[in-house]
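To keep things clear, I will list the structure first and then write my remarks on it.
The values are calculated or read from the model by the stated rules, or taken from the named source; none is laboratory data. A quick note: this is a predicted structure, and the numbers were derived from the prediction, not measured. Please note: Cβ atoms are built from the backbone with ideal geometry, for glycine as well, and neighbour counts cover all protein chains shown.
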Ligand SMILES: [Zn+2]
Ligand SMILES: [Zn+2]
């Protein structure tokens with residue numbers, strides 16, 4: 001299987017140290033996951049427990065167009081995920097009637113059972129531990145730009161932002177980014193935006209993404225089945241789109257880097273969820289930060305003080321005196337090949353359309369091979 005490690009780094013050496021004494025430490029996290037609050041098959045507790053029990057130190061729950069605040073009752077029997085009822089039964093077994101809250105949907109005999117999806121504030125109190133496990137509020141801002149799904153994750157939001165389309169796809173991306181940045185400034189709270197799965201339904205081209213201002217991250221590997229990370233015969237891969245975005249921004253536009261992330265976008269945690277579903281553990285970030293707080297983690301992400309992986313763990317990664325070096329943590333029986341990919345100075349910036357169809361959502365073809 002292809003294991004991606006994506007980094008445009010400003011990282012220094014790994015330094016192990018105690019969690020909350022201000023020494024740099026590596027924290028493993030996932031920036032994209034769904035629960036009963038939107039279209040995930042499981043309650044937040046099941047989702048969070050998976051990450052906490054599988055070596056992660058932070059997690060952003062990123063349900064569609066909300067930040068999991070308020071009162072929410074769901075019907076797993078009617079959830080469009082077929083495994084949701086089994087996930088509810090497992091939840092009831094594990095957490096018991098003192099924690100799990102249910103009620104009948106109506107007074108009619110045989111009425112469906114509703115289950116309370118607990119808000120972030122309540123599940124936080126159950127799982128968070130200083131220096132060991134952190135939940136970062138998230139919102140997958142999910143906008144239908146006509147038939148084009150434009151999705152971005154906002155992190156550490158205090159309230160969900162509107163999901164409104166603008167005249168162009170770039171404009172729609174920009175509006176969502178601006179809404180998050182406006183909230184960040186008006187509340188004095190550190191927030192960040194990630195542009196999600198560009199190749200999901202072939203939604204975003206490099207030309208849609210590179211002019212946007214204010215997002216810090218874009219997903220280069222998204223674990224959801226069917227997001228077309230690798231592209232197809234007609235469409236370039238997301239890695240290729242990322243290369244074009246970085247080349248345009250750094251080589252021509254004097255704009256900041258969009259750092260590449262790997263995420264799960266997991267929707268299935270219930271019994272029977274197998275690799276044909278969007279399950280957890282497929283993509284993550286390793287963030288180097290001094291403290292396990294939303295501010296420190298988001299600042300490190302914004303500064304590129306992290307690497308993204310869909311399989312490989314690094315023992316060391318260093319960028320010193322203009323030299324990037326790394327050491328892969330070996331696994332028995334696995335061989336590794338490391339490639340450094342970049343656009344060289346003096347490249348030809350000319351681009352031509354890949355097709356004469358003006359409606360096609362296709363990144364342009366760059367003569368330099370990009
Ligand atoms: Zn999405
Ligand atoms: Zn998602």
If you scan the range 71-84, which residues turn out to be modelled with pLDDT under 95 and surrounded by 17 or more Cβ atoms within 10 Å (Cβ to Cβ)? 76, 79, 81, 83, 84
The lone exception for residue 38 - which of (1) surrounded by fewer than 24 Cβ atoms within 10 Å (Cβ to Cβ); (2) more than 16 Å from ligand 1 (Cβ to nearest atom); (3) part of a loop (DSSP other than H, G, I, E, B) it fails: (2)
Number of the condition not met by residue 270 [criteria: (1) closer than 18 Å to residue 238 by Cβ; (2) buried (at least 23 other Cβ atoms within 10 Å of the Cβ)]: (1)
Residue list for the range 193-207, filter: more than 16 Å from ligand 2 (Cβ to nearest atom) and closer than 24 Å to residue 34 by Cβ: 202
Scan of the range 1-56 for residues that are more than 20 Å from residue 283 (Cα to Cα) and modelled with pLDDT of 95 or more, ordered by number: 36, 37, 38, 43, 45
Read through the list (1) closer than 23 Å to residue 364 by Cβ; (2) within 16 Å of ligand 1 (Cβ to nearest atom); (3) in contact with a strand residue (DSSP E or B) (Cβ under 6 Å, 6 or more places away or on another chain), then give the number of the only condition that residue 227 fails. (3)
Taking the range 268-290 and keeping only residues that are within 14 Å of ligand 2 (Cβ to nearest atom) and in contact with a strand residue (DSSP E or B) (Cβ under 8 Å, 6 or more places away or on another chain), one is left with 278, 279, 280, 282, 283
Can you find even one residue in the range 192-203 that is in contact with a strand residue (DSSP E or B) (Cβ under 7 Å, 6 or more places away or on another chain), surrounded by fewer than 17 Cβ atoms within 10 Å (Cβ to Cβ) and over 21 Å from residue 257 (Cα atoms)? yes
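Which fully enclosed strands (runs of 3 or more DSSP E) of the range 103-182 have 2 or more residues being within 16 Å of ligand 2 (Cβ to nearest atom) and surrounded by fewer than 21 Cβ atoms within 10 Å (Cβ to Cβ)? Explain how you work it out, then say what you get.
Working: elements: 113-116, 134-145, 148-155.
Here the list reads 134-145, 148-155.
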Scan the range 42-67 residue by residue and report those that are within 16 Å of ligand 1 (Cβ to nearest atom) and either assigned to a loop (DSSP other than H, G, I, E, B) or out of contact with any strand residue (DSSP E or B) (no Cβ under 8 Å at 6 or more places or on another chain) (or both). 62, 63, 65, 66, 67
Within the range 188-215, count every residue that is away from ligand 1 (no atom under 16 Å from the Cβ) and within 18 Å of residue 309 (Cβ to Cβ). 0
Find the strands (runs of 3 or more DSSP E) located wholly in the range 240-355 whose residues include 1 or more that are free of Cβ contacts under 8 Å to residues at least 24 places away in the same chain, and list them. 323-328
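Just checking, which of 344, 370, 326 is out of contact with any strand residue (DSSP E or B) (no Cβ under 7 Å at 6 or more places or on another chain), surrounded by 17 or more Cβ atoms within 10 Å (Cβ to Cβ) and at pLDDT below 95? Steps first, answer last, please.
Details: 344 fails: surrounded by 17 or more Cβ atoms within 10 Å (Cβ to Cβ); 326 fails: out of contact with any strand residue (DSSP E or B) (no Cβ under 7 Å at 6 or more places or on another chain).
Checking each option against the conditions leaves just 370.
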